[in-house]
Amino acid sequence: MTSAEVANKLPKDFIWGFATASFQIEGSTNVDGRGKSIWDDFSKQPGKTMDGRDGDVATDSYRLWKEDIALLAQYGVKSYRFSLSWSRIIPLGGRDDPVNPKGIAFYSNFIDALLEHGIIPFVTLYHWDLPQALHDRYGGWLNKDEIVQDYVRYAKVCFQTFGDRVKHWLTVNEPWCISILGYGRGVFAPGRSSDRERSPEGDSSTEPWIVGHSVILSHAYAVRLYREEFKAAQGGQIGITLNGDWAMPYDDGPQNVEAAQHALDVAIGWFADPIYLGHYPEFIKQMLRERLPEFTPEELKVVKGSSDFYGMNTYTTNLCRDGGDDEFQGLVEYTFIRPDGTQLGTQAHCAWLQDYPEGFRNLLNYIWKRYKLPIYVTENGFAVKDEHSKPIEQALQDNDRVNYFKGITTSLKAAVLEDGVDVRAYFPWSFLDNFEWADGYITRFGVTYVDYETQQRYPKESAKFLVKWFGDNIDAGDKKLQ
Ligand code: PNW
């Protein structure tokens, strides 16, 4: 192999693998002492999921975990991103509540088995399954002083127990979704909203911003703990992962150019600016005034610089037009229809997602320039239209998803090799079709098809494409150079 060819590849340390989350795959919600999470009850309430189904079985991965790891090994991934269920580890969740040895044993065995297969564990501490007991006791994320202490103790148990083997920690997955979808729009657990047809209680004008503030502080104090008590001995990295899609002005109008920045300020800057730059975005301060909680100077010292890297979950691009009253989008209207009436890209099964790979390259450049830290892409993927109602053989030919990943991998390579963006990892969402939150099992994001009757797994074309692409496009190191 010539040096020009080597130079045209991602660096040999580049990490890739697939991602999942505990509540979306594990099932076995009543087993081995697991406590309830807010998603258990929420998903069982009428009308909360599209197909009326819950997470009690999901992909049955709590029982089938050895098979799952064997399939990951067959795919040849370098890493696997998964999340720990807080209420399996501490069933009632709180700082004085007992730890559950069976929950610990499950994840401990799981991590050992990954390592035996040479797969690097990338571990999310919190992917939305808050112990129900904490929500009932004091309002969960609404109660900053309580939740920060309970979250930090949970994190401490995880660092103590798994930190000898886990070197990549993600504190929290997607605080925007937790806050806005859970406490603003009320479509995710715990389903609070000002919309009284949806929720008996809640206040969408204040609660999401309070919850976001609690999440930032919980993350930051857990990171401080890791750095002070564990990092020297364990040598791992820790950070947060934020969702956020590229925002493109609808046209050249200055108001729409500004609107696109406001969209980024609320989707991303709300969390990234305090964590990486040390303050909330000016635009959010103006939009919310006294409704935006403030950090004390002491808190701010803990928050600023509290992530070793930028964790990015991204799926699409939104065309942005100034207007409307949706604070959760920065008073910006989103559309996928260009001024000339054409669609931005291929429509996915869910309304919020179209395929537009150039936006991914733009977002990587924007984040790199603004926050100046290595980027780990911890989620990215596509839900094929009507895939759930097709016969399995057809669903395995997931051409729209293959096209999506073709575009994305091209953008990824261009961002790294042409633009010089420091991207270190890429995790397609998801390893398996799974419980897609409010969509139930109707929307499938997996590169592996799951037959929910048999729990049989079938690799889709997209899995084959990604396995081959990363095999071909990561520098293999000295071995192949001879
Ligand atoms: C992420 N949006 O959620 C989550 O981290 C995953 O658990 C989930 O399965 C995946 O993306 C696919 O949805 C999102 O409305 C949910 O923009 C909704 C949005 C974005 C991300």
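The values are calculated or read from the model by the stated rules, or taken from the named source; none is laboratory data. Bear in mind that the values here come from a model prediction, so they are computed numbers and not experimental data. Here the Cβ positions follow ideal geometry from the backbone for every residue, glycine too, while neighbour counts run over all protein chains shown. Accessible surface areas use protein heavy atoms only, side chains included; no ligands, DNA or RNA. Shrake-Rupley method; radii C 1.70, N 1.55, O 1.52, S 1.80 Å.
Overview of values
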quantity: Residues of region 82-98 classified as open to solvent by less than 60 Å² (accessible area, probe 1.4 Å) and either part of a helix (DSSP H, G or I) or free of Cβ contacts under 8 Å to residues at least 60 places away in the same chain (or both), total; calculated: 7
quantity: Helices (runs of 4 or more DSSP H) lying entirely in region 161-274 (those with 2 or more residues that are within 15 Å of the ligand (Cβ to nearest atom) and more than 22 Å from Tyr366 (Cα to Cα)); calculated: 207-225
quantity: Residues within region 318-331 that are more than 15 Å from Trp176 (Cα to Cα) and more than 15 Å from the ligand (Cβ to nearest atom), tallied; calculated: 6
quantity: Sole residue being more than 20 Å from the chain's Cα centre (by Cα) and crowded, with 21+ Cβ neighbours inside 10 Å, chosen from Leu125, Leu115, Leu142, Leu134; calculated: Leu134
quantity: Single residue of Tyr404, Tyr334, Tyr376, Tyr315 found to be in a helix (DSSP H, G or I) and either within 14 Å of the ligand (Cβ to nearest atom) or crowded, with 18+ Cβ neighbours inside 10 Å (or both); calculated: Tyr404
quantity: Gly103 being open to solvent by less than 40 Å² (accessible area, probe 1.4 Å) and part of a loop (DSSP other than H, G, I, E, B); calculated: no
quantity: Condition met for Asp433 (more than 13 Å from the ligand (Cβ to nearest atom) and touching a helix residue (DSSP H, G or I) at 6+ places or on another chain (Cβ under 9 Å)); calculated: no
quantity: Spans of strands (runs of 3 or more DSSP E) in region 423-466 with at least 1 residues of a type in the set (S, T, N, Q) and crowded, with 18+ Cβ neighbours inside 10 Å; calculated: 448-451
quantity: Given (1) touching a Ser or Thr at 6+ places or on another chain (Cβ under 6 Å); (2) free of Cβ contacts under 8 Å to residues at least 24 places away in the same chain; (3) of a type outside the set (Asp, Glu); (4) open to solvent by 30 Å² or more (accessible area, probe 1.4 Å), index of the condition Ser193 fails; calculated: (4)
quantity: Pick from region 7-34, criterion under 14 Å from Thr59 (Cβ atoms) and more than 14 Å from the chain's Cα centre (by Cα), ranking: nearest to the ligand (Cβ to nearest atom); calculated: Ile25
quantity: Any pair with Cβ under 8 angstrom, 6 or more apart, that starts in region 265-286 at a residue that is among the basic types (Lys, Arg) and ends at one that is open to solvent by less than 20 Å² (accessible area, probe 1.4 Å); calculated: Lys285/Leu292
quantity: Checking Ala414 against (1) touching a residue at least 60 places away in the same chain (Cβ under 8 Å); (2) surrounded by fewer than 20 Cβ atoms within 10 Å (Cβ to Cβ), the condition it does not meet; calculated: (1)
